[in-house]
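Take a look at the structure set out below.
The values are calculated or read from the model by the stated rules, or taken from the named source; none is laboratory data. Since the model is a prediction, treat every value here as computed from it, not as a measurement. Neighbour counts are summed over all protein chains in view; Cβ atoms, including those assigned to glycine, are modelled from backbone coordinates with ideal geometry. We work out accessible area using only protein heavy atoms, side chains counted, and drop any ligands, DNA or RNA first. Shrake-Rupley method; radii C 1.70, N 1.55, O 1.52, S 1.80 Å.
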Number of protein chains: 2
Amino acid sequence: MSESPAFSSRYNESLRLFERAASVIPGGIYGHHSPVSVLPLASPYYAQSAYGGYYRDVDGNQYLDLMCGYGPIVLGHVTAEVEEAAEHQRRIGNCFNHPAPVMVELAEWLTTHIDGADWTVFGKNGSDMTSWALQVAREYTSRRKLLKVRGAYHGTHPWATPGHGGLIEEDKAHVHDFVWNDLESFEAQINAHGNDLAAVMITPYHHPVFDDQQWASEGFLKQVQRRCREIGALLILDDIRAGFRLNTAGSHVTVGIEPDLMCYCKAIANGYPVSACAGVAALKPAASRVFLTGSYWNGAVGMAAALATLRVLERENIPKRLARVGTVLQEGMRSLGKKHALPVRVSGPPALPYMRFENDPAFHRQQRFCALCMEGGIFLHPHHNWFLCAAHTEDDMRHALGIMDAAMGRMENE
Amino acid sequence: MSESPAFSSRYNESLRLFERAASVIPGGIYGHHSPVSVLPLASPYYAQSAYGGYYRDVDGNQYLDLMCGYGPIVLGHVTAEVEEAAEHQRRIGNCFNHPAPVMVELAEWLTTHIDGADWTVFGKNGSDMTSWALQVAREYTSRRKLLKVRGAYHGTHPWATPGHGGLIEEDKAHVHDFVWNDLESFEAQINAHGNDLAAVMITPYHHPVFDDQQWASEGFLKQVQRRCREIGALLILDDIRAGFRLNTAGSHVTVGIEPDLMCYCKAIANGYPVSACAGVAALKPAASRVFLTGSYWNGAVGMAAALATLRVLERENIPKRLARVGTVLQEGMRSLGKKHALPVRVSGPPALPYMRFENDPAFHRQQRFCALCMEGGIFLHPHHNWFLCAAHTEDDMRHALGIMDAAMGRMENE
């Protein structure tokens, strides 16, 4: 580590913990939280505490949190109204032999508020729900094939994982890709698999890693939906990333489609482990035939937290607030790019913004920018979209822009 | 409902909630908690509150809880030491962009205490871990096949699910069954698939539904292990059901084997959603190549609860306590069978007991017995093993035996 004095001064305790972890955990930190996949030696590795829109790492460095736990924190860390609802349930029990009444209340909230949702089920992780939705589609259609967008992330189940380890040919045998906003590539897959096509899975907009976020072109989503209806395939919306940040009625309302199945996770419970799949009435019998359970899946505390989170999101119109605050950040970043003559690309909805540099294929400029921002006190990700929460203010964004301004200033002179 | 006045008096509120649920949730209640699969109209459907070894349903009926949430509640509902550890973490944050230090501490605890565990990873559900373990075995061996015991439950991922809905042929293409305690059937599968065999997955003892629990015959597990080593397949222990109730060093110590991968869930965190897979050093590189993540998988609160739970389990030697208290129940049930001249079969470890009647192929006698016990104030399951927790006392078991005595007395006269 001697080559990186900045690391040794700022992230000593992170490194010390990582060295302990590496001896008892494969890779030390795995999955999307792995520092190796983000900014090795130029990022905190462990978090100590968080409140509202900020957190501290284990070395005591404070950050404006622009990743929000990769999405779950939608109101702010340790939000009183959610914690109180969870605490009330916790005092009377969590993990019973039966569901608690809050499961029914949560299902009623979701089916009342999510456009087109006639029923819902719950899991613990996004991948649980996208995978179950695929099974429901196969059960309903008696077909095998799934079309998904190239580069879209739908979880870690073998049919979906972006990883390579431990897979066999059968895992993805009936999963095929088309290109976002490319109706020709979509139509080619329809032609190849249409009569065996169980479902098409899409996100409300495309949010790949290592690239700009992309809204659908005019007519793209509608045409995908129309073709699904024509050939009798289901349209599954993976709204795990964006759900409830754009629209409390579901992101499909924002982008103007009517999916048959809709998957949620992340923002649904402000960090408590809950995921959900909602669907239209016609699928309810098929849904009841696809076995779904888990050791803690009736856990009442997470459902109480979800209900409290969703009520705040709707009552306070948090999507509108996130759009307003995020617009300050996005417009500010565009202005900074001009000021510093850096080719800045800002993409995605304001509530889930992303910024990168053009002509930066290996992301070296981007990594330098993020490392400088972290030194300045903002945590953001070089190649994954960012997330705002309701605890963030316009002042927080101006604070972030000041740090970004200084970072770009240093980069101009390097 | 008019044919069941007992239901309408005792379970009114459960039924009212179920009717609401049925309109917004496929099947109303799904998975292993479904009342349709347990005792329709003769069991509570919803839980209101719980404390220690008891809970109340939404109609105010109180039960000695002999299912403990189907396993997770190992210390007792709402156990102070676990809740305090979780609360401390909750106040400073749960769902960060990075792991919290408690992830390292938990991994260190597990690798220190579980016999043969050199590393560990975490998930949210048992099925996450058995499925990931299978991938690790495939990655390590570059082979495809899995052998498992017929009737053993390893989760809801498509390769494992006991359900039928939404499956395709590829899901179980390389999963094959052998019969517990039948080395001939095991050897036949080894002969058929040995050179393509990635792993054999076993439980420490066989705990099927709708049947007695069965310990391994003398030499059975050792021979399975020996053959795995000979042909280069991994031995995976699914210790999700029994883990930490038999032995805080892992159930494999109790049954005398040395698995390569060991999967835990349920009792690990007294109801907080955490699962874990531990493994031997040789598999660490392969393990680090199998992508593993989830929206909440670094959640620090569950890990703090797990660490607190495991420390109590070890410090208080809870497995020994559960064995002692469970033996009172098991011996008492055998005596009751003799007293009432009913052909009672008691099976399984005392900490995870089960009782059923001989010559009761459709489980009618069993269902009647369980329904009467519920009326008397014990919740137990007609066709799934039961679970004890540390809050249960010998007096609780004598109380349960009194209720069972009365139930069998009524059954004699029916």
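General observations
- For the protein assembly as shown: accessible area per residue (Å², 1.4 Å): 33 Å²
- Taking 0.890 mPa s as the viscosity and 25 °C as the temperature, the Stokes-Einstein diffusion coefficient of the stretch B:198-252 based on its alpha-carbon Kirkwood radius rounds to 202 µm²/s.
- Projecting label points 7 angstrom from Cα along Cα→Cβ for A:Ala80 and B:Ala192 puts them 6.4 nm apart.
- A Cβ-based charge dipole, computed about the Cα centre of the stretch B:69-157 with Lys and Arg at +1 and Asp and Glu at -1, lands at about 820 debye.
- Whole-number D in µm² s⁻¹ for the stretch A:342-413, Kirkwood Cα-pair radius fed into Stokes-Einstein, 10 °C, 1.306 mPa s: 126 µm²/s
- The Stokes-Einstein estimate for the stretch A:213-286, based on a Kirkwood radius over Cα pairs and taken at 4 °C with 1.567 mPa s viscosity, is a diffusion coefficient of 97 µm²/s.
- Gaussian network model of chain A, Cα within-10 Å springs - most flexible of A:Lys320, A:Lys339, A:Lys284: A:Lys339
- Radius of gyration over Kirkwood radius for the stretch A:169-226, both on Cα atoms: the Rg/Rh ratio is 0.98.
- Rounded to the nearest 10 degrees, the inclination of helix B:126-141 to the longest alpha-carbon principal axis of chain B is 20 degrees.
- GNM flexibility winner over chain A from A:Tyr264, A:Tyr140, A:Tyr205 (Cα, springs under 10 Å): A:Tyr140
- Reachable aspartates and glutamates from B:Lys338, criterion Cα separation under 20 angstrom, eight or more residues apart if same chain: B:Asp212, B:Glu358, B:Asp360, B:Asp405, B:Glu412, B:Glu414
- Of the two radii for the stretch A:298-339, the radius of gyration is 1.32 times the Kirkwood radius, both from the alpha carbons; that is the Rg over Rh value.
- For the stretch B:1-109, Kirkwood radius (reciprocal of mean inverse C-alpha pair distance, Å): 16.7 Å
- Modelled this way, with points 7 Å down the Cα-to-C-beta line, the labels at B:Glu314 and A:Arg315 are 4.4 nm from one another.
- Degrees, to the nearest 10: B:220-231 long Cα axis against longest axis of chain B: 20 degrees
- 10 Å Cβ neighbours from other chains, averaged over peptide A:103-110: 5
- Legend: mean number of C-beta atoms from other chains within 10 angstrom of residue C-beta atoms, peptide A:250-263, equals 0.
- Overall form of the stretch A:336-377 per C-alpha gyration tensor (a/c, 1.5; a/b vs b/c): rounded
- Its Kirkwood hydrodynamic radius, worked out from the mean inverse distance over all distinct Cα pairs, puts the stretch B:136-208 at 12.9 Å.
- Nearest 10 degrees, 0 to 90: helix A:364-376 Cα axis against chain A principal axis: 70 degrees
- Separation between Cα centres of the stretch B:7-47 and the stretch A:100-174, rounded to whole Å: 25 Å
- Nearby lysines by direct alpha-carbon distance to A:Lys320 (threshold 21 angstrom, same-chain neighbours under 8 apart not counted): A:Lys266
- Theoretical gain in end-to-end length, B:Asp211 to B:His364 [0.36 nm per residue, Cα-Cα removed]: 53.7 nm
- Accessible surface buried at the A:B interface totals approximately 8400 Å², computed with a 1.4 Å probe on protein heavy atoms.
- Distance from the stretch A:324-354 to the stretch A:225-266 (C-alpha centre basis), Å: 27 Å
- Kirkwood Rh in Å, taken over the protein assembly as shown so that all alpha-carbon pairs contribute: 27.5 Å
- Remark: mean inter-chain Cβ contacts per residue of B:14-25 equal 6, using a 10 Å Cβ-Cβ cutoff to other protein chain atoms.
- Calculated SAXS-style log₁₀ I(q)/I(0) at q = 0.15, 0.17, 0.18 Å⁻¹ - the stretch B:233-361, Debye, Cα scatterers: -0.85, -0.98, -1.05
- The stretch A:179-310: C-alpha gyration tensor shape, a/c 1.5 cut-off, then a/b vs b/c: oblate
- Overall form of the stretch B:255-321 per C-alpha gyration tensor (a/c, 1.5; a/b vs b/c): oblate
- Efficiency of FRET between B:Asn181 and A:Leu342 - r from beta-carbon atoms, R0 51 angstrom, step 0.05: 0.15
- Here chain A was treated as a single set of alpha-carbon atoms; its pair distances binned every 20 Å from 0 give 26, 57, 17, 0 percent.
- Virtual paramagnetic centre 7 Å along Cα→Cβ of B:Asp115, amide N under 11 Å, in the stretch B:239-267: B:247-259
- Placing +1 on each Lys and Arg Cβ and -1 on each Asp and Glu Cβ, with no other charges, gives the protein assembly as shown a dipole about its Cα centre of roughly 180 debye.
- For B:Thr393 and B:Ser23, the difference between the fully extended length at 0.36 nm per residue and the C-alpha to C-alpha distance is 129.1 nm.
- Restraint check, A:Lys172/A:Lys222; B:Lys145/B:Lys172; A:Lys172/B:Lys172; A:Lys148/A:Lys284; A:Lys124/B:Lys145, Cα-Cα greater than 18 Å: A:Lys172/A:Lys222; A:Lys148/A:Lys284; A:Lys124/B:Lys145
- Largest first, the extents of the alpha carbon coordinates of the stretch A:65-197 on the three principal axes equal 54, 36, 33 Å.
- Total formal charge among the other residues, if their Cβ is under 11 angstrom from that of A:Val280, Lys/Arg +1 and Asp/Glu -1: -3
- Ligands, DNA and RNA left out, the 1.4 Å accessible surface of chain B is 49% carbon and sulfur atoms.
- A helix-only calculation puts chain B at -12500 deg cm²/dmol for mean residue ellipticity at 222 nm, using -39500 (n - 2.57) for each DSSP H run of at least four residues, averaged over all residues.
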